[in-house]
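**Student:** Before we start, here is the structure in question, set down as structure tokens.
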Amino acid sequence: MWTYILRRLLVMIPTLFGVTVVSFCIMQLAPGDPMDNLGAAGLSSESGQTREAYLIRKRDLKLDKPLLLNFNYFRDYSGKVRIAAYYLGRTKAEVIADLADLAEHPDKLQNAARLKFLRSLGIEDFQQRLEDPRQRDQLARAIRGDQDQGLMGGGLVRVFCEDAGVHGVPPAIDILRSDQAGLQEKIGAIRALNYMVVDPFAYTYSHDPSPRETPLVMAVWKTWWERAEPTFPKLDAKRRKAVRKRFQAIVASGSRTELFAGLDYFDPAKLEPFQRADMRFFVEKLLGASDLQEKIVASLGLRLYLGKVLLTDVPPQAIKPRPSVATTKKPRPSVATTEKTRPPVAALCDVAENWLVYFNLHRKRYQPSVLAKTWYIVSDTQYANMFWRLLTFNFGRTTLKTREPVGQKILAAVLVSAPLMVLAQLMIYFVAVPLGIICAVNRGNWIDRLISLKLFLLYSIPPFVAGMLFLLFFCYGDYLRLFPMEGLHSDGAEDYGLLRYSIDYLWHIILPVACLSLFSLAGMAMYSRTSMLDVIGQDYIRTARAKGLSEEKVILKHGLRNSLIPIITLFSNLLPAMLGGSVLIEVIFGIPGMGTLSWASIEQKDFPTLMALIYIDAIVVMLSILMTDMLYVLVDPRISFEAQGSAA
């Protein structure tokens, strides 16, 4: 038997793979964009934070990756990124002048490359708008956006940079390193990098801190401290001792919330915050030989009091017509000034250096080996990401604005639907099987005809029709108002005692359970009747009667056990029904179970949740079929899987 079970479990692997492939393809063919739920797909109206959140979620779901195969790591993005940087670093007037030159001299080698790039952006009526001088103003805005707003400005060049993502970072870094690149081109490269990389620097540890994050966090603050250290006064011994004592007290705190609360004040009794000079102690703790908890507290304190200290963009006023001068040749300003107060050219030096620090920290990500690139063809895709999450049961978060973990949503829905389905299935089996036996034993007489007539009537009423009729006659209107209309509990039920809470729950689920069970109950009863009739006509039943056994013993001991074999086949529907719930019934009665969750996921295009539901449902179906096979052996000892196992 164990060989048979192992064989069946191994068969599940290709089956699940096929289910995921088919489901993934169907979802990709569905109309609409799952990211529309975020409400941030536009370019001109959203704030910088909204757009940033949109990109983070899009990249978290790998929606910026190809579907099945990814050859982007073998493509050359340098030409397009250089042109994108060219437009992002120009003023609106300069872009309009460039468009005029493109219209007049399209055959120039440089102009031909720019025209090819602009056409690839998918600008509507591009050629017509290019040739019309009156429309070039709007065309320039469509290309570069409103760069006077900084990174919040939209533009189709921005969309290109966002779509290029990791593949566009190395060419942009090459522009910053180049001595031949002009000032405006480097400014454009910095803008492009901000669109390609969202929130590049890790100033603090994640919610689940790991020692692997330490080099990234330390590199950020070390880069800043090398520039800012001369601006911080020395700590005297008395103040240092007081800061150390307070710091150790914060480190001893428990949760992350308590850490933040402790960092708010140096002296909670006087509501006195930490001073700027105290940050020297925090930097020393972070960059020195401290344990992980001390480094976590130090990074949180620095981030809380100093903010994001490494600039990643230059001010909008830096985009002005300037002579082509390499930024690496510019003199560094005095260390007494901070990054936010530096003049534009000097700020550009620091920003470029910041991006180089970031690139060096993540070099393996942006410059993978040939072997890694080959592996990324199949592994760095939307399907591979989805399949890995399903395989590890790490379903991620929904595409909705709530960003709830998918696993928690499914678990909450299962806890709602499972009790209803268990009660409905118990009602079906404990009522339908006896009714089927009674009809079979009394075949042809008035009992059989009466029960069969009622069963046919129940079978002809769909569950959702029964649900609406129950609501009409028993919940509201001019008829009986015996049951609540929706939900599983009354208002304020959380304050009830255990007994009253249970009674309130049973009062709410009577009608839903009845709707879930009546239709299946009728079908199961008729199926049970047919199965019992087949058994009653067998020779061993006649032999049992000839031996003088009572009719009750003949039916219950010899007939029932053998008639259960076909009925057990329907047991494989039990677990999927418990998991899947009933969409219509749960929607009608306002029950937040699996059915409602499935419907909402389809309606809202919440693909992570929907794929998790399909995957879990497929696993449960196959396990329930395997469980049904095991029940065959328990009901009829003559059934054995040893032959199949040995044959395998």
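**Student:** Looking only at helices (runs of 4 or more DSSP H) that fall completely inside region 458-560, which ones have 1 or more residues that are basic (Lys, Arg)?
**Tutor:** 498-536, 539-546
**Student:** Out of (1) modelled with pLDDT under 75; (2) of a type in the set (A, V, I, L, M); (3) closer than 30 Å to Arg129 by Cβ; (4) buried (at least 17 other Cβ atoms within 10 Å of the Cβ), the odd one out for Ala41 is which?
**Tutor:** In the conditions (1) modelled with pLDDT under 75; (2) of a type in the set (A, V, I, L, M); (3) closer than 30 Å to Arg129 by Cβ; (4) buried (at least 17 other Cβ atoms within 10 Å of the Cβ), Ala41 misses (4) alone.
**Student:** A further question on this structure: Looking at region 459-478, which of its residues are in contact (Cβ under 8 Å) with a residue 60 or more places away in the chain and within 15 Å of Val583 (Cβ to Cβ)?
**Tutor:** Pro463, Phe464, Gly467, Met468
**Student:** For region 538-556, how many residues meet the condition of being within 57 Å of the chain's Cα centre (by Cα) and either charged (D, E, K, R) or open to solvent by less than 60 Å² (accessible area, probe 1.4 Å) (or both)?
**Tutor:** Matching residues across region 538-556 total 1.
**Student:** Related question: What pairs come out if I take residues in region 589-612 that are of a type in the set (Val, Ile, Thr) and pair them with residues that are not in a helix (DSSP H, G or I) whose C-beta lies under 6 Å away, six or more apart or interchain?
**Tutor:** Correct list of pairs: Thr609/Thr398.
For (1) crowded, with 21+ Cβ neighbours inside 10 Å; (2) touching a helix residue (DSSP H, G or I) at 6+ places or on another chain (Cβ under 8 Å); (3) modelled with pLDDT of 75 or more, each residue gets a yes or a no:
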{"position": "His558", "(1), (2), (3)": "no, yes, yes"}
{"position": "Ser572", "(1), (2), (3)": "no, yes, no"}
{"position": "Met578", "(1), (2), (3)": "no, yes, no"}
{"position": "Val583", "(1), (2), (3)": "no, yes, yes"}
{"position": "Val587", "(1), (2), (3)": "no, yes, yes"}
{"position": "Ile591", "(1), (2), (3)": "yes, yes, yes"}
{"position": "Leu597", "(1), (2), (3)": "yes, yes, yes"}
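**Student:** Does Val620 meet the test of being β-branched (Val, Ile, Thr), within 22 Å of Leu426 (Cβ to Cβ) and either at pLDDT below 80 or assigned to a helix (DSSP H, G or I) (or both)? Even if it seems obvious, please write down each step before you answer.
**Tutor:** Values: β-branched (Val, Ile, Thr): yes; within 22 Å of Leu426 (Cβ to Cβ): yes; either at pLDDT below 80 or assigned to a helix (DSSP H, G or I) (or both): yes.
Yes, satisfied.
**Student:** Cβ contacts < 8 Å: first residue within 27 Å of Leu584 (Cβ to Cβ) and acidic (Asp, Glu), restricted to region 494-519; second residue at pLDDT below 85 and assigned to a helix (DSSP H, G or I), any location; separation 6+ or different chain. Result?
**Tutor:** Close Cβ pairs (under 8 Å, with a partner that is at pLDDT below 85 and assigned to a helix (DSSP H, G or I)) amount to Asp504/Ala493.
**Student:** Do we have any residue at all in region 194-206 that's of a type in the set (A, V, I, L, M, F, W, C), modelled with pLDDT of 90 or more and either in contact with a Cys (Cβ under 6 Å, 6 or more places away or on another chain) or part of a helix (DSSP H, G or I) (or both)?
**Tutor:** Scanning region 194-206 turns up at least one residue that is of a type in the set (A, V, I, L, M, F, W, C), modelled with pLDDT of 90 or more and either in contact with a Cys (Cβ under 6 Å, 6 or more places away or on another chain) or part of a helix (DSSP H, G or I) (or both).
**Student:** Just give me the residues in region 438-457 being open to solvent by 20 Å² or more (accessible area, probe 1.4 Å) and in a helix (DSSP H, G or I), in sequence order.
**Tutor:** Ile438, Val441, Trp446, Ile447, Arg449, Leu450, Ile451, Ser452, Leu453, Lys454, Phe456, Leu457
**Student:** Looking at Ala522, Ala514, Ala612, which one is over 35 Å from the mean Cα position of the chain (by Cα) and modelled with pLDDT of 85 or more? Spell out the reasoning first.
**Tutor:** Values: Ala522 fails: modelled with pLDDT of 85 or more; Ala612 fails: over 35 Å from the mean Cα position of the chain (by Cα).
Result of the check over Ala522, Ala514, Ala612: Ala514.
**Student:** Go through region 388-409 and give me each residue that's in a helix (DSSP H, G or I) and surrounded by 19 or more Cβ atoms within 10 Å (Cβ to Cβ).
**Tutor:** Arg389, Leu390, Val406, Lys409
**Student:** Please verify whether Ile602 is open to solvent by 60 Å² or more (accessible area, probe 1.4 Å) and either closer than 28 Å to Pro462 by Cα or of a type in the set (S, T, N, Q) (or both), treating the condition exactly as stated.
**Tutor:** yes
**Student:** Can you pull out every residue in region 244-266 that is farther than 15 Å from Leu300 by Cβ and touching a residue at least 12 places away in the same chain (Cβ under 8 Å)?
**Tutor:** Arg244
**Student:** May I ask you to verify whether Val243 is open to solvent by less than 50 Å² (accessible area, probe 1.4 Å), modelled with pLDDT under 90 and part of a helix (DSSP H, G or I)? Let's see the steps before the verdict.
**Tutor:** Values: open to solvent by less than 50 Å² (accessible area, probe 1.4 Å): yes; modelled with pLDDT under 90: yes; part of a helix (DSSP H, G or I): yes.
Yes.
**Student:** Among the residues of region 162-193, count how many are over 23 Å from Phe74 (Cα atoms) and of a type in the set (S, T, N, Q).
**Tutor:** So the count comes out to 2.
**Student:** Show me the helices (runs of 4 or more DSSP H) entirely contained within region 53-160 in which 3 or more residues are within 19 Å of Gly188 (Cα to Cα).
**Tutor:** 78-88, 92-104, 109-120, 136-144
**Student:** Can you name the number of the only condition in (1) in a helix (DSSP H, G or I); (2) among the aliphatic types (A, V, I, L, M); (3) in contact (Cβ under 8 Å) with a residue 40 or more places away in the chain that Leu235 fails?
**Tutor:** Only one criterion in (1) in a helix (DSSP H, G or I); (2) among the aliphatic types (A, V, I, L, M); (3) in contact (Cβ under 8 Å) with a residue 40 or more places away in the chain is unmet by Leu235, namely (1).
**Student:** If a residue has to be part of a helix (DSSP H, G or I), out of contact with any Pro (no Cβ under 9 Å at 6 or more places or on another chain), under 19 Å from Ala347 (Cα atoms) and open to solvent by less than 20 Å² (accessible area, probe 1.4 Å) to count, how many in region 168-186 make the cut?
**Tutor:** 5
**Student:** Sticking with this one: Please count how many residues of region 369-404 are among the β-branched types (Val, Ile, Thr) and more than 14 Å from Leu63 (Cα to Cα).
**Tutor:** Residues that pass the stated criteria total 6.
The values are calculated or read from the model by the stated rules, or taken from the named source; none is laboratory data. This structure is a prediction, so every number in the text was calculated from the model and none was measured. In this analysis, Cβ positions are derived from the backbone assuming ideal geometry, glycine residues included, and neighbour counts consider all displayed protein chains. We work out accessible area using only protein heavy atoms, side chains counted, and drop any ligands, DNA or RNA first. Shrake-Rupley method; radii C 1.70, N 1.55, O 1.52, S 1.80 Å.
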